[in-house]
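Okay, structure first, notes after.
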Amino acid sequence: LLVVGGRREGGWGTVLVGSVRAYAVAGAGLRPWDAEPGLRVVAGALPQGADVTYVAEAPPEVAFCPYSALRFRLDRPPRVLSPQQFGSAGPGWYVGRVGVLHPAPRDRVVFRGSGWVLVRRPD
């Protein structure tokens, strides 16, 4: 703190402004508030307007948070399949949690990271 004529100048206002600036600069690149950074990569890897199917163990009504985090990043709501249905599903884009979505040998893994898997099943 700067003491001028017996008064404190600057003080907490300077600390607050500096903290806000540091958080804004770091946040622009790191996005510490993003709970699902892997989904940013998933959404960026999808072609514009692609239909996506979310492979999940539970329906969206039960496991709403992961579904809504994915939905927030897509152009339209994804279809939802169980892991058992995924085994016989046709061609397309599929996304799911690591350990839930198990790509078949014919599937091309486009992204695997931050707990998410994105695959393209060919025609």
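Restrict the check to the stretch 32-42 and report whether at least one residue is in contact with a Gly (Cβ under 6 Å, 6 or more places away or on another chain) and either open to solvent by less than 30 Å² (accessible area, probe 1.4 Å) or modelled with pLDDT under 95 (or both).
Looking through the stretch 32-42, at least one residue is in contact with a Gly (Cβ under 6 Å, 6 or more places away or on another chain) and either open to solvent by less than 30 Å² (accessible area, probe 1.4 Å) or modelled with pLDDT under 95 (or both).
Which pairs do you get when a residue that is more than 21 Å from Ala43 (Cβ to Cβ), found in the stretch 78-93, comes within reach of a residue that is open to solvent by 40 Å² or more (accessible area, probe 1.4 Å), reach meaning Cβ atoms under 8 angstrom, with the pair 6+ apart or on two chains?
As it stands, the answer is Ser82/Glu57; Pro83/Glu57; Pro83/His102, since those pairs meet every condition given.
Residues of the stretch 84-98 being open to solvent by 50 Å² or more (accessible area, probe 1.4 Å) and under 23 Å from the mean Cα position of the chain (by Cα), which ones?
From the stretch 84-98, those open to solvent by 50 Å² or more (accessible area, probe 1.4 Å) are 84-85, 87-88, 91, 97-98; that's our starting set.
Passing the criteria: Arg97, Val98.
Which ones in the stretch 72-83 are open to solvent by 90 Å² or more (accessible area, probe 1.4 Å) and either touching a Phe, Trp or Tyr at 6+ places or on another chain (Cβ under 6 Å) or assigned to a helix (DSSP H, G or I) (or both)?
Residue satisfying the conditions is Phe72 alone.
Report yes if some residue within the stretch 85-98 is at pLDDT 95 or above, closer than 17 Å to Val119 by Cα and in a helix (DSSP H, G or I); otherwise report no.
The answer is yes, given that some residue of the stretch 85-98 is at pLDDT 95 or above, closer than 17 Å to Val119 by Cα and in a helix (DSSP H, G or I).
Please verify whether Ala69 is modelled with pLDDT under 90 and part of a helix (DSSP H, G or I), treating the condition exactly as stated.
Criteria not met by Ala69.
Kindly list the number of the only condition in (1) open to solvent by 30 Å² or more (accessible area, probe 1.4 Å); (2) modelled with pLDDT of 95 or more that fails for Gln48.
It fails just one condition, (2).
Criterion first (in contact with a Lys or Arg (Cβ under 6 Å, 6 or more places away or on another chain) and surrounded by fewer than 17 Cβ atoms within 10 Å (Cβ to Cβ)) does Pro122 satisfy it?
No, not satisfied.
If you take the residues in the stretch 37-66 that are small (Gly, Ala, Ser) and assigned to a helix (DSSP H, G or I), which one is nearest to Val119 (Cα to Cα)?
Among them, the one singled out is Ala45.
The values are calculated or read from the model by the stated rules, or taken from the named source; none is laboratory data. Since this is a predicted model, take the numbers as computed values, not measurements. Cβ: placed from backbone, ideal geometry, glycine included. Neighbour counts: every protein chain shown. Only protein heavy atoms, including side chains, enter the accessible area calculation; ligands, DNA and RNA are left aside. Shrake-Rupley method; radii C 1.70, N 1.55, O 1.52, S 1.80 Å.
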